[in-house]
Amino acid sequence: MNDAQVWAGASGSADTSALPPLHNAWLGMLTSIQNPASEPKSTCGDCVMCAGVDRSGSSVTFSPDVKCCSYVPHLANFVAGRSLLGPGHASISARIARKAGVTPLALGLSYADIQRVVSERSQFGRSPVVVCPHFDQETKGCGIWQTRNAVCSTWFCKHERGAVSLRFWQAVRDLLMAAEERVGQHCLTHGGLPDEQADAVLAHRAGIQAAIARANAGEAVPDIEVGGESAHWYETMWGEWAGREEDWFRATADVAASIKPAEFIALMADVPHLCQAVADCGHDLNTHDVPDRLRFHPGDGSAATPEVLRLVGYSPFDPLVLPASLFADLRRLDGRPITEVREGNDVSQTRLDDNLLELLHDFEVAVPREQQVPARLGGQVPGLTISLEPESAQEQKQREQERSDQV
Ligand code: SF4
Ligand code: SF4
């Protein structure tokens, strides 16, 4: 692949990859993983999480007006520049025109944005308080699909192998986020911005990251920080590019496109552990190691009907749905060796066969006897945390009422 192809993301079979072209090319350069397949149960064009419990298996139902796009993506400068060339360019222009969270490094959050999200209770997938500015309300889809960022392209509500797949995608996400950050900083310093301005921009980014961390820990964003992002501050930060922000972002896309593969690899030289994590999680995806002892431990929100069990394990969005008739067998998994649990049964007839045990283990519905029950909420969306708690019946009713009022 030549340099132009890398940055255009053109590769023979990239169309089959879950990732946008550029991220796909990066992953191939940094690891031995090529064109990772998407998660087929995350049916984004016909969102499974909006379809109700019978189809999704989850007691959490998303609003089609938000889906999983309850998130304001951080777009590195060159990603914004590339997006300006695509079908969703109007949403990028509108975000730039807003000036909030717009710096030569990225389109991100402002202190005021953080303050607003924290003060209004937002619920992931259900509340219109936070909706991505690139979410197209007509198509109910992503306006910048081909240039969406690392977080968006590695997030799925459902996974073929449950927690094993989730860990793989999180490792890919962390690696690609590191790439976005490094290439964005490279564009900042090679785009012709004076050093003092570049330093101020990086200091602002560090301040925003600290504010997000504090907000996630329950601290309010002080007004003084919001006030610091004044019109004067904005003009100073942008310098001679003020008023020509779109030109800047397009220019950074050109700077990024001029980075040679060897240069890119050098930019990533300080994060070999992130490459290794992807390789390790990729290896796990291709292996099936079921512990010798398992304890059946469905989490909060699990439910049973006369026909099915909906067992919440690693994620409330992706319960394991099994025939209700298996319940008695599952309860026999009490931490004893599997051979003992199966004793007296012909293994070919018992329903606790290897495939079922793998599923239970992958989805963390059954855990190794000695293992603490893993955290089951959160941790899926980096950045500003939004409540993932299932809404109450009253909240659900209120949301439905609001929706019918709008109609
Ligand atoms: S990943 Fe998002 S859009 Fe796709 S099916 Fe899941 S909730 Fe819906
Ligand atoms: S960029 Fe696209 S995928 Fe990401 S949150 Fe926005 S609309 Fe959703």
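Taken together, the values in this text are just the output of simple stated rules run on the coordinates, not laboratory data. Nothing here was measured: the structure is a model prediction, and the numbers come from that model. In this analysis, Cβ positions are derived from the backbone assuming ideal geometry, glycine residues included, and neighbour counts consider all displayed protein chains.
Some observations on this one:
- Cβ-Cβ distance of residue 233 and residue 53, R₀ of 60 Å, FRET efficiency by 1/(1 + (r/R0)^6): the value works out to about 0.80.
- Footprinting exposure proxy for 234, 71 (fewest neighbouring C-beta atoms within 10 Å first): 234, 71
- Rounded D (µm²/s) - segment 213-302, Kirkwood Rh over Cα pairs, Stokes-Einstein at 25 °C, 0.890 mPa s: 124
- By the beta-carbon count within 10 Å of each Cβ, the least crowded to most crowded order of 186, 89, 361, fewest first, is 89, 186, 361.
- Residue (of 278, 212, 188) at the positive-pole extreme of segment 175-278, dipole from beta-carbon charges: 278
- Placed amide H near residue 304: partners under 5 Å, 5+ positions off or other chain: 310
- In nm, spacing of pseudo-spin labels at residue 331 and residue 96 (7 Å Cα→C-beta vector): 6.3
- By the count of other C-beta atoms within 10 Å, a proxy for reagent exposure, 195, 329, 334 are ordered fewest to most as 195, 334, 329.
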